[in-house]
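Have a look at the structure below, then the notes.
The values are calculated or read from the model by the stated rules, or taken from the named source; none is laboratory data. Only a predicted model underlies this, so the values are computations on that prediction, with no experimental measurement involved. Glycine also receives a Cβ, built like all others from the backbone with ideal geometry; neighbour counts cover every protein chain displayed.
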Amino acid sequence: MIEKRDFYIDGQWVAAQQGQDCLVIDPSTEEPCAVIALGGPADTAAAVAAAKAALPGWRATPPAERLAFVERLLEVYRRRAPEMGAAISLEMGAPIDMAIDDQAAAGTWHIENFIEAARHFEWLRPLGPQAPGTMIAQEPVGVVALITPWNWPMNQVTLKAIPAMIAGCTMVLKPSEVAPLSSLLFAEIVHEAGLPPGVFNLVNGDGAGVGTTLSGHPDVAMVSFTGSTRAGIAITKTAADTLKKVALELGGKGANLIFADADDAAVKRGVRHCLYNSGQSCNAPTRMLVERPVYDRAVEIAREVAEATRVAPASEHGAHIGPVVSEAQYEKIQGLIAKGIDEGARLVAGGPGRPEGLNRGFFVRPTVFADVTPGMTIEKEEIFGPVLSIIPFETEAEALSIANDTVYGLTNYVQTQDGARRNRLARALNAGMVETNGQSRGRGAFFGGIGASGRAREGGHWGIEEFCDSKAISGWAAE
């Protein structure tokens, strides 16, 4: 049993003042694998006080020197990436190869991209030739609270902590209590990289405790949160009393529009993306909209891909999907699968219960529903599991209407060889991101949505700007 009860506050590991033991459950075995402490108001206050005390010195540190700390952090992170992958695999169930190659590597990717963005970031720039002597400065927001989820731990920690450091903010991280081990390791990496005490602090806790305390703390200037839309609304309401800046990256219900002229791999690609990380990604393309002439074939391909997708414990090597993160998540997914059947969707693959041969662990059968109609529960609600809904459409206008008929607006997808149609739909789809024909967004592009998906812009120079306040200055003396 791993014991990690201490918090990282003011550059050192300290015992919890109000700690309550919390077991971390290995989702592959349903057995405890670690114990942490959940902090209370005193622990949160100590972390915020450390961040507040460190803020004047850190914000006065030249950007190039702050960047040098982050570059050292990257060196340590790369060296300890295998440990990071192992921690993520154990805590949230990502298969070990995927945890190292994708989950841990997401942190490397983001740190590299932020370093590149910082090298070209304009901390002070002229407004323009129409206003000589007027300058626009980007300055740190202040003490920031970072509240991160369990599904992509280092993806989200690095998307918040790294740009906050670069911007000159000090911070308190509250990772998910369901998957805290990777963030505790990240704190070790920060310490080894030599960041000044108080710049980065970590307190474990739950949302109702540490999360709420951070969201309402008068010395916290900003909350950056990734998680459910429900929790994002609660944080916004709590933060309103102290007029905090709030950046939210929330849920999604991505639509994947597949036209008859799409390439042969479009359906396979879409199904695999939906099932990836056991469906626990907010940008998963969980609604597959297929043009009628190729609908029946698409359903058959989806069935074949789902049935060929192996499900196995996270500790096993290979290209399979692991369990979902917790019993609560498992039960939620099972309830929504049952709802899909009850509401008349056609079950094509998977269904209720665990996969054959897996009687222990939070394993879900890769599930495909066809003949889903707009308004069904599985078409509307974010399932956050390996469940795909396939919906036929007749015209581009109908596909667009179905895709946009959701409160969410994170990522949508378009598959067609018609360039004009791709461009047209990319502009018409209500989303913060649109990906076409399996092509990923370029290095340095932001991640973020609209509507119930939140409006954070994480990544690249947008991610650094999230942690800055803009200041307009007149009468700037020429130097």
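Residues in region 335-368 that are within 21 Å of Gly322 (Cβ to Cβ) and crowded, with 20+ Cβ neighbours inside 10 Å: Ile337, Ala349, Gly350, Gly361, Phe362, Phe363, Val364, Arg365, Pro366, Thr367, Val368. If only residues of region 255-283 that are assigned to a loop (DSSP other than H, G, I, E, B) and without any contact (Cβ under 8 Å) to a residue 60 or more places away in the chain are counted, the one that is surrounded by the fewest Cβ atoms within 10 Å (Cβ to Cβ) is Asp264.
Conditions tested, residue by residue: (1) out of contact with any Pro (no Cβ under 8 Å at 6 or more places or on another chain); (2) among the acidic types (Asp, Glu); (3) more than 18 Å from Glu466 (Cβ to Cβ).
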{"position": "Leu127", "(1), (2), (3)": "yes, no, yes"}
{"position": "Pro140", "(1), (2), (3)": "yes, no, no"}
{"position": "Leu159", "(1), (2), (3)": "yes, no, no"}
{"position": "Ile166", "(1), (2), (3)": "no, no, no"}
{"position": "Cys169", "(1), (2), (3)": "no, no, no"}
{"position": "Pro180", "(1), (2), (3)": "yes, no, yes"}
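Selection within region 450-479: residues that are in contact with a strand residue (DSSP E or B) (Cβ under 7 Å, 6 or more places away or on another chain) and assigned to a loop (DSSP other than H, G, I, E, B). The member of this set that is nearest to Leu159 (Cα to Cα) is Gly459.
Consider region 101-148 and keep the residues that are within 21 Å of Lys245 (Cβ to Cβ) and among the small types (Gly, Ala, Ser). The one that is nearest to the chain's Cα centre (by Cα) is Ala145.
Applying the criterion of being of a type in the set (A, V, I, L, M) and closer than 10 Å to Pro366 by Cα to the residues of region 272-314, the residue that is farthest from the chain's Cα centre (by Cα) is Ala308. I need the full set of residues from region 230-275 which are in contact with a helix residue (DSSP H, G or I) (Cβ under 7 Å, 6 or more places away or on another chain) and hydroxyl-bearing (Ser, Thr, Tyr), in order please. Correct list: Thr238, Thr242. Of the residues making up region 19-38, those that are out of contact with any strand residue (DSSP E or B) (no Cβ under 6 Å at 6 or more places or on another chain) and in a loop (DSSP other than H, G, I, E, B) are Pro27, Ser28, Thr29, Glu30. For region 49-72, the criterion of being polar (S, T, N, Q), assigned to a helix (DSSP H, G or I) and in the same structural domain as Ala16 (by TED's automatic domain parsing) is met by none of the residues. For Ala187, are the conditions met, namely being within 18 Å of the chain's Cα centre (by Cα), surrounded by 21 or more Cβ atoms within 10 Å (Cβ to Cβ) and either under 18 Å from Met92 (Cα atoms) or of a type outside the set (D, E, K, R) (or both)? Against the criterion (within 18 Å of the chain's Cα centre (by Cα), surrounded by 21 or more Cβ atoms within 10 Å (Cβ to Cβ) and either under 18 Å from Met92 (Cα atoms) or of a type outside the set (D, E, K, R) (or both)), Ala187 does not qualify. Does any residue of region 91-108 turn out to be touching a Cys at 6+ places or on another chain (Cβ under 9 Å) and either within 30 Å of Ile473 (Cβ to Cβ) or not assigned by TED's automatic domain parsing to the domain that holds Thr170 (or both)? No, the conditions are met nowhere in region 91-108. Picking from residues in region 390-416 that are over 19 Å from Ala266 (Cα atoms) and charged (D, E, K, R), the one that is surrounded by the most Cβ atoms within 10 Å (Cβ to Cβ) is Glu398. Looking across region 432-444, just one residue is among the aliphatic types (A, V, I, L, M) and either in a helix (DSSP H, G or I) or within 15 Å of the chain's Cα centre (by Cα) (or both), and that is Met433. Just one of (1) under 16 Å from Gln12 (Cβ atoms); (2) without any contact (Cβ under 8 Å) to a residue 60 or more places away in the chain; (3) assigned to a helix (DSSP H, G or I); (4) not acidic (Asp, Glu) fails for Leu173. It is (3). Close Cβ contacts (under 7 Å, 6 or more residues apart or on different chains) running from residues in region 140-166 that are more than 20 Å from Gly57 (Cβ to Cβ) and in a helix (DSSP H, G or I) to residues that are at pLDDT 95 or above and β-branched (Val, Ile, Thr) comprise Pro153/Ile88; Met154/Ile88; Gln156/Thr148; Gln156/Thr226; Val157/Thr148; Thr158/Ile111; Lys160/Thr148.
Listed conditions (1) touching a Pro at 6+ places or on another chain (Cβ under 8 Å); (2) surrounded by 15 or more Cβ atoms within 10 Å (Cβ to Cβ); (3) not polar (S, T, N, Q) are all met by Met1, apart from (2). Of the residues in region 436-456, at least one is closer than 26 Å to Phe121 by Cα, at pLDDT below 95 and among the polar types (S, T, N, Q). Tell me whether region 296-310 contains one or more residues that are among the acidic types (Asp, Glu), at pLDDT 95 or above, within 26 Å of Asp405 (Cβ to Cβ) and surrounded by 15 or more Cβ atoms within 10 Å (Cβ to Cβ). No, there is no match, as no residue in region 296-310 is among the acidic types (Asp, Glu), at pLDDT 95 or above, within 26 Å of Asp405 (Cβ to Cβ) and surrounded by 15 or more Cβ atoms within 10 Å (Cβ to Cβ). Once region 108-125 is narrowed to residues that are aromatic (Phe, Trp, Tyr) and part of a helix (DSSP H, G or I), the residue that is surrounded by the most Cβ atoms within 10 Å (Cβ to Cβ) is Phe114.
Given the structure, is Val220 hydrophobic (A, V, I, L, M, F, W, C), assigned to a loop (DSSP other than H, G, I, E, B) and either in the same structural domain as Phe384 (by TED's automatic domain parsing) or touching a helix residue (DSSP H, G or I) at 6+ places or on another chain (Cβ under 7 Å) (or both)? Yes; evaluated as a whole, the condition is true for this residue. Taking region 70-99 as the range and being crowded, with 16+ Cβ neighbours inside 10 Å, more than 17 Å from the chain's Cα centre (by Cα) and free of Cβ contacts under 8 Å to residues at least 40 places away in the same chain as the test, the residues that pass are Arg78, Ala81, Ala86. Selection within region 126-139: residues that are part of a loop (DSSP other than H, G, I, E, B) and loosely packed, with under 15 Cβ neighbours inside 10 Å. The member of this set that is modelled with the highest pLDDT is Thr134.
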